[in-house]
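**Student:** The structure is given below, and queries will be raised subsequently.
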Amino acid sequence: MSPPPDLDGPNWALFLDIDGTLVEHAPHPDAVVVNADLRILLAALQERLDGALALVTGRSVTAADRLFAPLELRAAGLYGLEHRLEPGGPVEPAKEPADIAALADEIEVEFAGRNVHVERKGPILAIHTRAAPDLLDRAIQLVEQALTRLPPNYRLLPGNAGVELMPLEAVKGAAIRRFMKMADFRGRRPVFLGDDTSDETGFEAINEADGISIRVKPNGATLAGHALADVAATLEWLRRQRR
């Protein structure tokens, strides 16, 4: 896969995943740190693109805000279940259903003291096994079993170092399409950078719009048309785009 081209002119819309794309993964999501240089870079890119920049992440918008404060960028959180459509604007958080809360309680007991982080994100349940990779298969097994007793509108999404259970409507591609209908994005050519299986629907939406889809540290098949080796390469590419 070839590296992405530099963006000529200002007529672009930029969509960015966070973990594994803008920052390195950590064993626990709360251990991720964003430095001042990255905040400055994102603010500069937002200005260069006249506001046509949005984070598209599995984190909640509130969690993303904690990372990038004082920046409050446009964002789709929880794979598009939450949105902030304007910088600094309001966010309506997605609530945790009772059946997901009960399942989270069960899985927390299962993995207590075993270096597995169970992240409760409203209607999304994430099991992170980066610090205990030998337990990934067990985590997937538990979620697969849970699907048989949950409402039919849930799906399992395995990732590079964990597994997530989420509603069918939690899709990054749909979040990107929603932003592209807004005035600040409409008519621009979209670009999306992501690093995981959850980003593939985003790449699909970008390809449909004749945009530039970029997989960071690709591992296996991907719909992305371009690749960057790692987070460091991503940041270097983004720095070139702010000029």
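**Student:** Could you rank the peptides 36-42, 14-20 by their average count of other C-beta atoms within 10 Å per residue, with the highest value first?
**Tutor:** Details: 36-42: 14.3, 14-20: 23.6.
Top to bottom by mean Cβ count within 10 Å: 14-20, 36-42.
**Student:** By counting other Cβ atoms within 10 Å of each Cβ, how are THR148, THR129, THR21, THR62 ranked from fewest to most?
**Tutor:** On the way: THR148 6, THR129 24, THR21 28, THR62 13.
Ascending Cβ contact count within 10 Å gives the list THR148, THR62, THR129, THR21.
**Student:** Compute the distance from the alpha-carbon center of region 155-173 to that of region 180-243, in whole Å.
**Tutor:** Each part's Cα centre sits 19 Å from the other's.
**Student:** Binning every alpha carbon pair distance of the chain at 10 Å from zero, what are the percents per bin?
**Tutor:** In order of increasing distance, the bins hold 7, 33, 37, 18, 5, 0 percent.
**Student:** With Cβ to Cβ distances under 11 Å as the rule, what net charge do the other residues near ARG84 carry (K, R +1; D, E -1)?
**Tutor:** Values: positive: ARG74; negative: ASP65, GLU72, GLU82, GLU86, GLU92.
So the environment of ARG84 carries a net charge of -4.
**Student:** Which of the listed residues, ALA233, ALA126, LEU103, is farthest toward the dipole's positive end in the chain, when Lys, Arg count +1 and Asp, Glu count -1 at the beta-carbon?
**Tutor:** Working it through, the farthest residue towards the positive pole turns out to be ALA233.
**Student:** Continuing with this model, one more query. What's the local net charge at VAL118, with K and R +1, D and E -1, over the other residues with C-beta under 14 Å away?
**Tutor:** Numbers: positive: ARG114, ARG120, LYS121, ARG130, ARG138; negative: ASP30, GLU96, ASP105, GLU106, GLU108, GLU110, GLU119, GLU164.
Counting the neighbours of VAL118, the net charge comes to -3.
**Student:** A further question follows. Using unit Cβ charges (K, R positive; D, E negative) and no other charged atoms, how large, in debye to the nearest 20, is the dipole of the chain about its Cα centre? Provide the component values of the computation, followed by the final result.
**Tutor:** Values: 27 positive and 36 negative charges, 131 e Å.
Taking the Cα centre of the chain as origin, the dipole is about 620 debye.
**Student:** May I ask you to list the lysines whose Cα is less than 29 Å away from that of LYS181, ignoring any residue fewer than eight positions away on the same chain?
**Tutor:** Correct list for LYS181: LYS95, LYS121, LYS172.
**Student:** Which value, in debye to the nearest 20, gives the size of the charge dipole of region 98-167 about its Cα centre, when Lys and Arg are +1 and Asp and Glu are -1 at the Cβ? Before the final figure, lay out the partial values.
**Tutor:** Numbers: 7 positive and 10 negative charges, 33 e Å.
Dipole magnitude for region 98-167 comes out near 160 debye.
**Student:** How large is ³J(HN,Hα) for each residue in region 76-89, as worked out from phi by the Karplus curve 6.51 cos²θ - 1.76 cosθ + 1.60 (θ = phi - 60°), to whole Hz, x for Gly and Pro?
**Tutor:** 10, x, 6, 6, x, 6, 10, 9, 10, 7, 10, x, x, x
**Student:** So what's the Cα pair-distance distribution over region 44-149, bin width 5 Å, in %?
**Tutor:** In order of increasing distance, the bins hold 2, 11, 19, 18, 16, 12, 10, 7, 4, 1 percent.
**Student:** Going toward the positive end of the dipole of the chain, with +1 on Lys and Arg Cβ and -1 on Asp and Glu Cβ, which of PRO93, ILE140, HIS117 do you reach last?
**Tutor:** Most positive-ward Cα: PRO93.
**Student:** Can you show me the helix-derived [θ] at 222 nm for the chain, built from DSSP H runs with n ≥ 4 at -39,500 (n - 2.57) apiece and divided by the number of residues, rounded to the nearest 500.
**Tutor:** Numbers: 7 runs with 75 residues, N = 243.
Estimated from H runs of four or more residues: -9500 deg cm²/dmol.
**Student:** Just the number, please: Stokes-Einstein D of region 143-243 in µm²/s, Kirkwood Rh from C-alpha pairs, 4 °C, 1.567 mPa s.
**Tutor:** Details: Rh = 15.1 Å.
Roughly 86 µm²/s, to the nearest whole number.
**Student:** Of all DSSP beta bridges located in the chain, what percent are antiparallel, nearest 5? Let's see the in-between values first.
**Tutor:** Working: 18 of 38 bridges.
So the antiparallel bridges in the chain amount to around 45 percent.
Values quoted throughout were computed directly from the atomic coordinates according to the rules given, and no laboratory measurement underlies them. Bear in mind that the values here come from a model prediction, so they are computed numbers and not experimental data. Heads up, the Cβs are rebuilt from the backbone with ideal geometry, glycines too, and the neighbour counts pull from every protein chain shown.
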